[in-house]
Every structure is written in C-alpha cells, then in structure tokens.
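This report refers to the structure that appears directly beneath it.
The values are calculated or read from the model by the stated rules, or taken from the named source; none is laboratory data. These figures come from a predicted structure and were not determined experimentally. Glycine gets a Cβ as well: all are built from the backbone with ideal geometry, and neighbour counts include every protein chain shown.
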Amino acid sequence: VDPTGRATFVNRAALHLLCGEDGLALDQGRLVARQGDGARRLRDALAQVREGGPSDPSVHLNIERPSGRRPYALRLCRLDTELDPDGGPGPLVAVFLADPVARVRLSEISLCARYGLTPTEARIVADLAFGHSVETIADLHRISRYTIHHHLKSIFRKTDTTRQPELVALVLSSSMAE
C-alpha cells in the first residue's frame, strides 16, 4: 500500500477476499475497511507503520466483518522506500491479510518432501491440519483408527513431534515459509 492508500500489488488470495467486500475492499484501488470504526483504525495503523522507527516494525490489527464471521487479521509492515515500483513519495506498507475462517489444504507433495513422509502419512497430516479428527480421517479413507494411529507413530518420529497439536502447529508454521 502506498502513502495514498493505493494497493500497488494484491495477490490472488487477497483479491478474492477483498472482492467479497466483507469488511475490507478495494475502492478505486485503495484498501478500505467498511465496518464500524475499521476505516479509521486502518488509516491510523497505516500511518503508524509509515512513521514508526525500527522499534515499531509492524502493527497487528483486526477488522470486523459485516457477515459476523471472525474478524480479518492484518499485519502491517513498513517496506524500504526503494521498493516503491512507481518511485512515489514515502514508504510502502506490506499488508498481510489472514481470514481465520478460511481453510487451506496443505500440499501432500510438500509434506513428503519436507518431512520424508509416505504419501499416506502426508494425506493423514494434511487431513489433521485441515481440522479433521482421527475418526473422520479413518472414515474418509476407509481405514481403521488403529491404522491411523500406527501411521501417526511413524509421522511423530519423522517430524520429531509427540502429539497431534504439536504436529499440526509444526506443519502449519512450516507451510508459511512456502
């Protein structure tokens, strides 16, 4: 986002969220919040990040949604001015937008490559990270819960984890680096 509030780059996932106009939108190319005091808080956060020094590298902000769904989570970070593609005045601000209700499926190929998992193990891990229970995974793949637990022992060894929440946290945080 440039100093005028214009989005200089929007990835496909963010564009999809913004086109839904559920609290955030692009209005004539500018990032705007449309719920409650969100517009003022977004403007203030953008200004704070632009003016902040090294001790204020980023700002976290929640934007309420008219749909009543959980608020969007935004992280705003100042970018170096030389990264401004148009050579405009002032620094750009990177806005990272997360939708806490969106469910993303992890790449099984990436899980195999990253942790040395078999395709079946990767499918189980992806299902757990998606929020499925062991029982649901067993039903989905028509295998017993005992077979799932057998695979989990191998998965825990390969990922150096010991519990399902620890495993899910690991693979979700690792997926952010991709």
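A compact table of results
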{"quantity": "Yes/no for G116 being on the phi > 0 side of the Ramachandran plot and either touching a strand residue (DSSP E or B) at 6+ places or on another chain (Cβ under 6 Å) or at pLDDT below 95 (or both)", "calculated": "no"}
{"quantity": "Long-range neighbours under 6 Å by Cβ, at least six apart or interchain, first residue in contact (Cβ under 8 Å) with a residue 12 or more places away in the chain and closer than 18 Å to S175 by Cα within region 127-146, second surrounded by 12 or more Cβ atoms within 10 Å (Cβ to Cβ) and β-branched (V, I, T)", "calculated": "D127/I137; L128/V168; A129/V168; A129/V171"}
{"quantity": "Residue match in region 41-61 (condition: within 15 Å of D99 (Cα to Cα) and assigned to a helix (DSSP H, G or I))", "calculated": "no"}
{"quantity": "Any hit, region 50-58, residues being modelled with pLDDT of 90 or more, more than 30 Å from L128 (Cβ to Cβ) and within 20 Å of the chain's Cα centre (by Cα)", "calculated": "no"}
{"quantity": "Members of region 19-43 found to be touching a residue at least 12 places away in the same chain (Cβ under 8 Å) and over 16 Å from L61 (Cα atoms), listed by number", "calculated": "E21, L26, G29, R30"}
